[in-house]
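Undergrad: Just passing along the structure, written as structure tokens.
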């Protein structure tokens, strides 16, 4: 079994490689410092030996002619540099015979840095030591050693540049390592943000896909999101169960009312029509009374027709029969009922165009829908068409049904439902959804089936369809999740 990675604290993850870079920087600075120290020691020794050689040669100048004496000193100065000293040689009349060699240009430091240092921190007054050098013929020469700060300035600035370069490299390394650590540490934040967005959209699948976070702090957030998602799932399941019970009670009450209308009111209207028919035969020779009786009979027939329509609205699937026994309804029958519903509106609203669009796969006659799902689709279609026809002032209203079967079987997948119109839209959609009837009731029915509900209004519809107005959408699973009572979550 693959072992889980040990959870790391965020400060530890961010700093552990940064500490390593800091140690490497310190070690590199030590190496550079030791190298520069050894270089300075070698320069000091070489300068001391050069000074000793020059002093020894000055002691022997009294036996050497002028040309060879000056040339020998110039060669000594060219072979080895004096540190912090400059040698000059003058005749008795002040003519310079020997000048200090020109300072070599630094390969590391720009000249502007030396000039800046001279301007900010000028060197102290130049000090010098002079003495006479005897000549074999003629007056003695004057040898002068001047104290020079330029060499030391260059060396100090070079040391500073070396240390600065090491520090700059170390800081850059620290920043790069910390950036890499931070990117690695917060890489799972994208999944966490996606999970939070899923909770906002009431889609909990991103939360379920959350892996184990590599950071203890992020894992704490992920655990909180998982607990929140579990709580939301349980609350949603309870809400779905309650909504199903409410709608079941509504349908039971509608069935009871339909039964009473059919058994009580319907029978009495039938008896009343029989009485009116008998009375019409009795007054057949009295035209005035016969017209009144026939009008009463016609009114009774109209009331009976209205009751039949009310029975269809209250009990759309008819009296309990095979559907109630099997708990399913053929998809073809649902489509026929929706076509009849749309046709009923066509017959009563000639100024508005009603259309039904079905996008169903071949073999739909074999598809059986759960009775609750079919009733939900019919009821929300009934409510949506009624709202659009009565309140939207729409010219075009379209009901669309599309089946998206799953690869593992025709009885699985999704049923996509929508009603759209080109009417005035809806003001206060959020408030309308809070109410228990209308949009709120439709949303509750969809949620009770484990589906997804969406309301698009105004410019949102304009972007989504060719019509402005209102677009209602539902995405319903063909096999809704069972809504069983859940125990309270553990504290």
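The values are calculated or read from the model by the stated rules, or taken from the named source; none is laboratory data. The shown structure was predicted, so the numbers you read here are calculated from the model rather than taken from an experiment. Heads up, the Cβs are rebuilt from the backbone with ideal geometry, glycines too, and the neighbour counts pull from every protein chain shown.
For every residue, the table says whether it meets (1) within 51 Å of the chain's Cα centre (by Cα); (2) touching a residue at least 60 places away in the same chain (Cβ under 8 Å); (3) closer than 22 Å to residue 51 by Cα.
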position	(1), (2), (3)
139	no, no, no
168	yes, no, no
184	yes, yes, no
192	yes, no, no
195	yes, no, no
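Undergrad: So, of the residues in region 312-335 that are modelled with pLDDT of 70 or more and in contact with a strand residue (DSSP E or B) (Cβ under 8 Å, 6 or more places away or on another chain), which turns out to be farthest from residue 403 (Cα to Cα)?
TA: 327
Undergrad: Still on this model: In the set 132, 157, 174, which member is without any contact (Cβ under 8 Å) to a residue 12 or more places away in the chain, more than 30 Å from residue 240 (Cα to Cα) and either surrounded by 16 or more Cβ atoms within 10 Å (Cβ to Cβ) or touching a strand residue (DSSP E or B) at 6+ places or on another chain (Cβ under 8 Å) (or both)?
TA: 132
Undergrad: Next up: Of the residues 249, 225, 204, only one is outside the structural domain of residue 448 (by TED's automatic domain parsing), out of contact with any strand residue (DSSP E or B) (no Cβ under 6 Å at 6 or more places or on another chain) and closer than 19 Å to residue 477 by Cα; which?
TA: After ruling out the rest, the residue left standing is 204.
Undergrad: While we're on this one: Considering region 371-405 alone, what residues qualify as being assigned to a strand (DSSP E or B) and either buried (at least 18 other Cβ atoms within 10 Å of the Cβ) or free of Cβ contacts under 8 Å to residues at least 24 places away in the same chain (or both)?
TA: 397, 398, 399, 401, 403, 404, 405
Undergrad: For region 139-174, how many residues are over 21 Å from residue 99 (Cβ atoms) and in contact with a helix residue (DSSP H, G or I) (Cβ under 9 Å, 6 or more places away or on another chain)?
TA: Residues in region 139-174 being over 21 Å from residue 99 (Cβ atoms) and in contact with a helix residue (DSSP H, G or I) (Cβ under 9 Å, 6 or more places away or on another chain): 16 in total.
Undergrad: Could I ask something else about it? Filter region 28-59 down to the residues that are closer than 24 Å to residue 165 by Cβ and more than 60 Å from the chain's Cα centre (by Cα) and list them by number.
TA: 41, 42, 43, 44
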